[in-house]
1. Got a sec? Charge dipole of the protein assembly as shown, +1 on Cβ for Lys and Arg, -1 for Asp and Glu; which of B:Asn210, B:Phe143, B:Pro237 is way out at the positive end?
2. Plugging the Kirkwood radius over Cα pairs into Stokes-Einstein for segment B:6-58, at a temperature of 20 °C and a viscosity of 1.002 mPa s, what D comes out in µm²/s?
3. Inverting the mean 1/r over all pairs of different Cα atoms, compute the Kirkwood radius of segment B:326-445 and quote it in Å.
4. Out of the total accessible area of segment B:6-58 (probe 1.4 Å, heavy atoms of protein only), what percent is carbon and sulfur?
5. Add -39500 (n - 2.57) for each DSSP H run of 4 or more in chain A, then divide by its residues: what number comes out at 222 nm, to the nearest 500 deg cm²/dmol?
6. Per residue, what volume in Å³ does the convex hull of the Cα atoms of chain A enclose?
7. If segment B:64-313 were replaced by its equivalent ellipsoid, with semi-axes equal to the square roots of 5 times the Cα gyration tensor eigenvalues, what would those be, largest first, whole Å?
8. Rounded to the nearest 0.05, what FRET efficiency is calculated for A:Lys167 and A:Asp227 with R0 set to 22 Å and r the Cβ-Cβ distance?
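The values are calculated or read from the model by the stated rules, or taken from the named source; none is laboratory data. Remember, predicted model here, so these are calculated numbers, not experimental data. Here the Cβ positions follow ideal geometry from the backbone for every residue, glycine too, while neighbour counts run over all protein chains shown. Surface areas here come from the heavy atoms of the whole protein model, side chains and all, with no ligands, DNA or RNA. Shrake-Rupley method; radii C 1.70, N 1.55, O 1.52, S 1.80 Å.
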Amino acid sequence: MDIERLLKVLGDAEELELENVDILAEELELVMTSVPRPQLPVRVGYKDLSFEKPLEEFPGGVSVVRFGNTSQDGGTRSHSVFVGGEKTMPFYRFEAENPYNPVVAFDVFDMPIGLAKPVKIHYQEVMEDPAEWAKLCVDKYGADMVTIHLISTDPTIKDTPVSEAVKTVEEVLQAVKVPIIIGGSGNPDKDPEVLEKAAEAAEGERVMLNSASLNLDYKRVAKAAMDYGHVVLSWTQLDINDQKTLNRHLFGMGVQKEDMLIDPTTAALGYGLEYSFSIMERMRLAALKGDKDLQCPIASGTTNAWGAREAWMKESPVEGETWGDRMKRGPLWEAVSALSLALAGCDMFMMMCPTSVALFKEMISQLTGDPDMRPASTWLMGVGQ
Amino acid sequence: MKRLGPLDLYRHLPKTNCGECGEKTCMAFASQIIERTVKLTDCPYLKGSHLEALIKMTSPAVRQVVFGKKSPVKIGGEDVLYRHELTYFNETAIAIDVDDRMTDDELLERVAYVTNFSHERIGQELTLQAVAIKNVSQDPAVFAECVQKVAAKTDKALIVCSFLPESLEAALSVCDDNPLLYAATKDTWEQVGGLAMKYDCPVVAFADNNLSELKSVVHALQSMGLKDIAVDPGIHPENLSATVNEFVEIRRVSMNEDDTMNCPIIGIPAACTNPMEEVMSAALMIDRFADLLIFHTTDMYAVLPVITLRQNIYTDPRRPVSVDAGLRTFGTPTKESPLLATTNFALTYYTVASDIESSGLNAYLLVFDTEGLGVEASVAGGQLDAYKAKEAIEKTQVKDVVSHKKIIIPGMAARISGELEQISGWEVLVGPRDSSGIPEFLNKRWN
Ligand code: SF4
């Protein structure tokens, strides 16, 4: 066929109907862009127009995951916490109301760790006692959940025996009544065993095991979650294809999407946050569009924001440069990271600094509520700061 | 959604491959147009209504508006809703506000702040783009005097802000730098639009929490022949849900080829009553499509997270995540110079490299192939362990490059030091956890 001629003919067409045409090619791409004509001038004047809301309907959605069993379900938590269930992108309320708000889980460690000053001032009294630490997070800082990170079990740190780590988990479960998350040390050889034993000890409480990943024996972790009725966190490292692969393996083992969260890794603001942001955004859009591999709520280790030098350093290392008050700068670093990821689709935030959490939660309450507003024009009248 | 490919455009080019545009072929020219590196007018054979039609066809989903003559600021011009769909083109411009009731000292201090602001971050210079001048006095003469003072002190672009057309007119009579006019409303569109026509300035349409009214104002301005229009749907620092939903709705209709509301969006975190909230609202707006922000707080603890987030979100996502692994040199190292190591995650590498460069050190840097992951992540994920580090040492034959057998690994990789020492036979020094500490570390630990 004379393509040139066909294109020329089609160039002026607005619409094309093909009748009695056999297409022999394996793949035929028809690119139909008609050149728009310049618009005619409109009559000068004000006309009341109406803005049509640009609604989209998504065929897919995100699973709802419940954390924590109360006495009704055979556990000892005071209440359950829910995440997920989205039908549209986060806070697109003109389109649909998503059922649950983002949740913050405070990080607690089973041994004292190095912390930046704006964080440390809140915890220095309790760092020797994880149960007290957890209690402080809930009672004083309003933690929705608590993560107990069993980092001392790492053979290169303290090599705490599994039996002792299990005791720590039990103490935390005693000390707080919110749902909890149990984290390993990140040591791929030891974590499966630590998490198995911890899962057993927490049977009936519906905790989350953090985590199943491609660099350890994730089957043992996932199986422990299934055997003892827990949620499992599927963790990968800034690679959406790895995340899909791991999720498929886990689903293949029988893990249900109501029992799983996905965590593609959080890079700090200024040090790759955009990767986490875009992967989460892509994952959430894919889930809404129907990608069954990704229809789980998303989790973030937001505390990683403190790895940025602008967050933890007292002052700029560059001579003559100032970064401003660290007690404000650091918390903002973590809070801005959390907010950005919440907008991208993240549901659960593992955070540390109470100031950051308060800033983040204030934004969430605005983004999910309907507070009164004063006229927007007031900013120009000198009202404000 | 409007997303042209080179082929869509090629069909409408002369197809003679004459090369006069500077590209070898018309197809190459079409690709460069899509990449926005050349202009349609570079081809001398495109003329008249055909050219106009092609300009319209290739124009971005969100119109690009430019204000300021001396230091032009481009806002809008985006083609996608989400950055991963392609990339964003014009980063959110940031203006700092001043008002005509400020003392001269405060006014000029803030203007100087914007003018001189420069912050280097990972090889990029981050700046502020504009000064927004508020007509708090509501007095045209006072406003004009203030605008004049500001214009005399800075080459940065200006935004003149008043709901009184008389004030905007007074400002324009003393400033010929094509400032952005803020704002035309349902009641003032004709007067403000007239000023925009007369002085050839871009203009902001404003309606408070009413997108139908906003669209009507834009349409009225367009009916006068104005094209360079930005929109402010009204910022409510106490109800940012309204704000962000309106931003999303506006940006989504732009992607649906609406040719009234395809305007750049203005956000005003300066309306917040405290700096911490202001930073959070600015972050929200940068993440959700704002093209221009008016910001108030000038303390670095507040500005730094905002410009850093902007740098992140506006990074081209098509840029590779990793750099090539291997041995790099900095300065003019000798056989005795220190050997440092890091990962091939682009951000980690550039951070370390800029720290070494800025301190003027002579050193070697061994870049491990960690599959594009940072130090902490690759140690956690096993992409960096003692065996892989040893392999890199051997593969690069660094033993022939330096006379010592000492390697400094990142503090975050401390976990692998013992094993690496055992299997490689090299002395392994655990360096600082943050590469900004390298000069001090070398001072203390490297003879
Ligand atoms: S100048 Fe025009 S006709 Fe010549 S190669 Fe370039 S695009 Fe084609």
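1. Of the options given, the answer is B:Phe143.
2. Working: Rh = 10.7 Å.
For the chosen part, D equals 200 µm²/s.
3. On the way: mean 1/r = 0.0716 Å⁻¹.
Roughly 14.0 Å, rounded to one decimal.
4. On the way: 1610 of 2910 Å².
Result for segment B:6-58: 55 percent of the exposed heavy-atom area is carbon or sulfur.
5. Numbers: 11 runs with 130 residues, N = 385.
Using -39500 (n - 2.57) per qualifying helix, the result is -10500 deg cm²/dmol.
6. Details: hull volume 100.8 nm³, N = 385.
In chain A, the Cα convex hull volume per residue is 262 Å³.
7. Working: eigenvalues 117, 111, 53 Å².
The equivalent ellipsoid of segment B:64-313 has semi-axes of 24, 24, 16 Å.
8. The pair A:Lys167/A:Asp227 has a calculated efficiency of 0.60.
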